[in-house]
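Structure first, then comments.
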Amino acid sequence: MSDKRPIGVFDSGIGGLTVVKRLMSNLPNENIIYFGDTARVPYGSKSNETVIEYSIQNTNFLLGKNIKALVVACNTASSVAIKTLKSNYDIPIIGMIEPGAKMAIEKSSNKKIGVIGTRATINNKAYSTEMKRRDEKVEVFEKACPLFVPLAEEGWTDHKATFEIAREYLTELHDYKIDTLVLGCTHYPILANVIKKVMGNNVELIDSGIASAEVVKKELADNGLENNGSLQGYLDCYVSDIPTTFKKVAELFLGNPVNEVKKVDLELLNT
Ligand code: DGL
């Protein structure tokens with residue numbers, strides 16, 4: 001049996017394309033439908049109620065495209081809405097938090113782990129709760145780094161301002177002697193070089209997108225949902241707004257050319 005239905009992926013905007021990049025390399029045969037809620041980004045500064053409401057709307061939109069599994073490629077939505085989504089829908093749903101937390105615990109030797117993310121992800125203590133559930137001895141140090149999102153979208157991956165801001169945010173984590181740092185926002189892998197330079201070679205960075213792509217692969221196999229065809233899968237992109245710099249930024253995040261992008265009316269999402 002081969003299941004050609006696409007995997008649905010959503011994010012608050014374009015950050016989730018860093019996760020799509022990992023899905024495409026891990027699961028090259030799978031078709032992917034991406035929805036980026038670019039009209040309503042950022043989610044990181046919104047209330048939990050609003051993020052849950054948007055996450056349900058985004059999921060309904062993707063279910064209308066006949067998806068076989070859902071990847072919540074947004075740490076903020078994962079930390080706030082994943083329980084509601086999992087209890088409301090009957091398909092495999094994979095978020096960023098559980099896979100990223102699990103991978104961080106496996107990689108850390110000294111059990112001192114840092115997490116960086118949006119204010120919502122950090123305020124909800126999503127990663128620390130999940131890590132402590134898995135290993136009560138682990139010490140988790142969390143830090144919101146909201147300015148990283150616009151810096152990543154600006155493509156300032158090696159800019160001196162980015163270094164300055166990274167030093168400002170990360171010095172306290174460095175001082176806690178963490179050996180592992182979770183990039184708990186799908187925008188942050190774009191800034192991995194700067195973060196690595198500031199934290200030093202002794203700190204391993206965890207990309208939750210890599211961790212979640214492995215979980216997606218296992219879930220598809222366990223549920224008999226794999227596409228066993230030999231063709232390269234397609235990527236269809238939908239967004240709720242097409243910002244002027246969309247193509248350039250999307251290609252930076254995806255690491256590949258982005259073809260046609262379709263705009264979805266917010267009114268359609270609300271129904
Ligand atoms: N992509 C979002 C995340 O991973 C960050 C952007 C936002 O605040 O919406 O948390």
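The values are calculated or read from the model by the stated rules, or taken from the named source; none is laboratory data. Note that the structure is predicted; figures quoted are calculated from it, not measured. Here the Cβ is made from the backbone with ideal geometry for all residues, glycine too, and neighbour counts use every protein chain on show. Ligands, DNA and RNA are excluded from the accessible area calculation, which covers all protein heavy atoms including side chains. Shrake-Rupley method; radii C 1.70, N 1.55, O 1.52, S 1.80 Å.
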### Task
Just the ratio, please: alpha-carbon radius of gyration of region 152-230 over 2.2 N^0.38 Å, N its number of residues.
1.43
### Query
Among the lysines, which have Cα under 25 Å from the Cα of residue 125 when same-chain residues fewer than 8 positions away are ignored?
46, 83, 86, 102, 107, 111, 112, 137, 143, 177, 196
### Task
Could you size up the charge dipole of region 46-116 around its Cα centre, putting +1 on the beta carbon of Lys and Arg and -1 on that of Asp and Glu, and report it in debye to the nearest 20?
260 debye
## Note on the structure
With +1 at each Lys and Arg Cβ and -1 at each Asp and Glu Cβ, the charge dipole magnitude of region 123-271 around its Cα centre, to the nearest 20 debye, comes out at 220 debye
### Task
Give me Rg over Rh for the chain, both radii from the alpha carbons and Rh done the Kirkwood way, two decimal places.
0.95
### Task
Work from the charge dipole of region 74-201 (Cβ charges, +1 for Lys and Arg, -1 for Asp and Glu, about the Cα centre) and give the residue of 121, 99, 170 farthest towards its positive end.
99
### Hull-based mean projected area of region 98-157, where the convex hull spans the alpha carbons, in square nanometres
4.5 nm²
### Task
Determine the distance separating the Cα centre of region 87-103 from the Cα centre of region 23-48; give it in Å without decimals.
14 Å
### Query
Where does each of 112-125, 199-212, 7-20 land if you order them by average Cβ count within 10 Å, highest first?
7-20, 112-125, 199-212
### Query
Once Rh for region 118-187 is found with the Kirkwood sum over Cα pairs, what is the Stokes-Einstein diffusion coefficient at 4 °C and 1.567 mPa s, in µm²/s?
98 µm²/s
### Query
Taking the Cα atoms of region 4-67 alone, what are Rg (to one decimal) and Dmax (as a whole number) in Å?
12.4, 37
### Message
Suppose we look only past 23 Å in the calculated P(r) of region 17-107. What percent of the Cα-Cα pairs does that tail hold?
### Response
23 percent
### Task
Sticking with the crude label model, points 7 Å out along Cα→Cβ, report the distance from residue 267 to residue 159 in nm, one decimal please.
3.7 nm
### Euclidean distance of C-alpha centroids, region 200-234 and region 105-174, integer Å
22 Å
### Summary
FRET efficiency for residue 111 and residue 231 from the Cβ-Cβ distance with R0 = 30 Å, rounded to 0.05, comes out at 0.10
### Query
If all Cα-Cα distances of region 112-271 are sorted into 5 Å bins from 0 onward, what percent lands in each bin, rounded to whole numbers?
1, 8, 13, 17, 16, 15, 13, 10, 5, 1
### Task
For region 1-159, compute Rh as the Kirkwood radius over C-alpha pairs and then the Stokes-Einstein diffusion coefficient at 25 °C and 0.890 mPa s; write the answer in µm²/s, rounded to an integer.
149 µm²/s
### Task
With unit charges on the beta carbon (Lys/Arg positive, Asp/Glu negative), name the residue among 181, 39, 227 whose Cα is farthest towards the positive pole of the charge dipole of the chain.
181
### Summary
Mean accessible area per residue over region 1-111 (1.4 angstrom probe, all protein chains present, square angstrom) is 36 Å²
### Query
Relative to the present Cα-Cα distance, how much length would full extension add between residue 5 and residue 197 at 0.36 nm per residue of separation?
65.0 nm
### Message
Leaving out ligands, DNA and RNA, and with a 1.4 Å probe, what % of the accessible surface on the chain is carbon or sulfur?
### Response
49 percent
### Message
Rounded, prolate or oblate for region 221-271? Axes are the square roots of the Cα gyration tensor eigenvalues, ordered a ≥ b ≥ c, and the cut-off for rounded is a/c under 1.5.
### Response
oblate
